[in-house]
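My structure is below; once you've seen it, I'll send some questions.
What follows is calculated from the coordinates using simple rules that are stated; it is not laboratory data. Small disclaimer: the values here were computed from a predicted structure and weren't measured. Positions of Cβ are generated from backbone atoms using ideal geometry, with glycine treated the same way; all protein chains shown enter the neighbour counts.
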Amino acid sequence: MPEQLLVRIEKPVHGGHAIARHEGRVIFVRHGAPGELVTVQLTEKKKIWRGDVIDVHEAHPERVPLAWEHAGPGGVGAELAHLSLPAQREWKQEVIRDALERIARQSLPVSVEPVDDGDGWGTRTRIELTADEQGRAGMFAHRSHIHVPLTTMPLAHRALDELELFDTSWPAGARITAIAPSADAPVALIDGVPPPGHPGTVWERAGGFEYLVDAGGFWQPHHRAPETLLAAVQNAVGQVPGATVLDLFSGTGLFTVPLAAAAGSTGRVHAVEGDRRAVANARINAEGHRNIHLHRGDVERVLASGEIPERADVVVLDPPRVGARRGVIAQVLARKPERIVYVSCDPAALARDLAFASEGGYTAERIDSYDLFPHTHHIESIAVLRPQTGTGS
């Protein structure tokens with residue numbers, strides 16, 4: 001029988017875990033909450049100990065019954081569903097603060113705001129499933145190769161219901177990508193391939209703009225995420241007529257065309273993205289905007305290549321989960337922008353990059369985060385960095 005321990009949960013940390021200790025040994029625990037006295041079943045006892053809460057003796061005041069049977073120990077996701085939405089947001093605030101203090105050695109005001117009035121379920125317009133040997137759609141249990149067949153996925157947007165994902169027999173072992181675009185019909189891809197006759201692209205809408213997106217490519221999965229993040233970036237940038245703006249890790253151009261509108265006909269937007277298909281779609285999305293210049297390639301390499309102006313007024317960064325990293329941050333700071341708008345999906349990576357920026361004389365005043373992944377540990381944050389006094393242009 002796996003080892004069971006009685007422990008007191010301390011604080012949440014990045015990745016959906018909370019810290020507990022047994023005889024001085026740190027355990028990364030899932031499905032608990034700060035202050036709880038729980039029995040933990042160890043699931044991994046290697047260099048890092050991990051475990052799941054299987055019994056709660058003293059519960060957190062905001063603990064709630066699970067609304068989905070596959071969200072608990074041994075489940076496939078929604079690892080914060082045992083807490084109320086306000087408590088989940090407090091959890092995420094603490095995770096961001098912890099990362100900032102430990103990694104960046106910074107203490108900043110942090111907010112995590114809801115983006116709708118619902119219960120957090122039914123918000124995902126993009127989900128990934130896998131078929132088992134019997135063709136049943138499901139997901140893998142956390143840190144496991146155990147396939148869990150599903151009959152429902154409560155995080156999925158209702159628009160995905162018409163695909164009948166859990167009533168279909170899929171090819172054994174197939175990877176199923178189901179999407180419900182905001183301006184197009186739902187579609188399911190099998191191993192990245194759309195159904196016969198489908199163009200392989202879909203139309204999305206955000207903030208009054210329309211975007212052609214690769215059906216299997218990246219687009220924010222929460223139904224209100226694109227417009228929420230776009231509005232936040234627009235608010236942070238403002239109207240900057242005549243400005244030189246860099247849009248780095250620009251994807252299909254969620255921010256690019258709105259930034260071009262903010263810079264006006266006398267400004268310039270240089271968008272840099274490494275994915276070939278994303279850039280191809282961005283060219284279509286940018287048609288008619290003469291002040292947009294698209295560059296395909298590794299962001300650090302392109303910034304160092306001479307293709308990008310040596311000075312920039314505003315830089316928008318939306319890197320992948322690993323963050324922008326030191327090389328990109330150094331290239332950005334060398335252009336002495338008046339402000340840097342950093343969109344992050346990973347608190348630890350954000351903290352590392354803020355530390356790099358601080359070394360170069362740029363600081364953020366606060367972190368604004370949005371609860372775009374209710375019932376999970378994922379967080380989207382925006383930091384606006386400005387030069388410290390005496391370091392700007």
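Go ahead and run the numbers for FRET between residue 325 and residue 57, Cβ-Cβ distance against an R0 of 41 Å, rounding to 0.05. Before the final figure, lay out each step's value.
Details: r = 43 Å, r/R0 = 1.06.
Once rounded, the FRET efficiency stands at 0.40.
If you add up the charges near residue 336, with Lys and Arg at +1 and Asp and Glu at -1, over every other residue whose beta carbon is less than 14 angstrom from its beta carbon, what do you get? Numbers along the way, then the final one.
Details: positive: 311, 335, 339, 386; negative: 310, 313, 338.
Value of the local net charge: +1.
How much net charge surrounds residue 217 when only other residues with a Cβ under 12 Å from its Cβ are counted (Lys, Arg +1; Asp, Glu -1)? List each step's numbers first, then the result.
Working: positive: 126, 276, 277; negative: 204, 214, 273, 275.
Every neighbour counted, the sum reads -1.
Quick check: Cα centre of the stretch 314-390 to Cα centre of the stretch 41-113, how many Å?
Centre-to-centre distance over Cα atoms comes out at 24 Å.
Another question about this same structure. Relative contact order (percent) for the chain, with alpha-carbon contacts under 8 angstrom and 6 or more residues of separation?
Details: 880 pairs, mean separation 51.2, N = 393.
It rounds to 13 percent for the chain.
Express in nm, to one decimal, how much length is gained between residue 107 and residue 287 on full extension, taking 0.36 nm for each residue of separation and deducting their alpha carbon distance.
On the way: separation 180, 0.36 × 180 = 64.80 nm, distance 4.27 nm.
Going from the current span to full extension adds 60.5 nm.
If you don't mind, another one. In terms of Cα to Cα distance under 29 Å, which lysines are near enough to residue 92, apart from those fewer than 8 places away along the same chain?
11, 45, 46, 47
Which percent of the Cα-Cα distances in the chain go past 29 Å? Intermediate results must be reported in sequence, preceding the final value.
Working: 37375 of 77028 pairs.
Above the 29 Å cut-off, the chain has 49 percent of its Cα pairs.
Tell me what the chain gives for mean residue ellipticity at 222 nm when only DSSP H runs of n ≥ 4 count, each as -39,500 (n - 2.57), the sum divided by the residue total, rounded to 500 deg cm²/dmol. Intermediate results must be reported in sequence, preceding the final value.
Numbers: 7 runs with 74 residues, N = 393.
Computed ellipticity for the chain at 222 nm equals -5500 deg cm²/dmol.
Moving on to the next point. Modelled label-to-label distance, residue 117 and residue 164, 7 Å Cα→beta-carbon offset: nm?
Between residue 117 and residue 164, the label points sit 3.6 nm apart.
Then there's this: Kirkwood hydrodynamic radius, computed over distinct alpha-carbon pairs, for the stretch 4-61: how many Å, to one decimal?
On the way: mean 1/r = 0.0921 Å⁻¹.
Taking every pair of different Cα atoms in the stretch 4-61, averaging 1/r and inverting gives 10.9 Å.
What is the packing order of peptides 312-324, 247-259, taking the mean over residues of other C-beta atoms within 10 Å and listing the highest first? Provide the component values of the computation, followed by the final result.
Values: 312-324: 20.2, 247-259: 26.5.
In descending order of packing, they fall as 247-259, 312-324.
Give me the mean projected area, in nm² to one decimal, of the convex hull enclosing the Cα positions of the stretch 33-153.
Average projection, Cα convex hull of the stretch 33-153: 10.1 nm².
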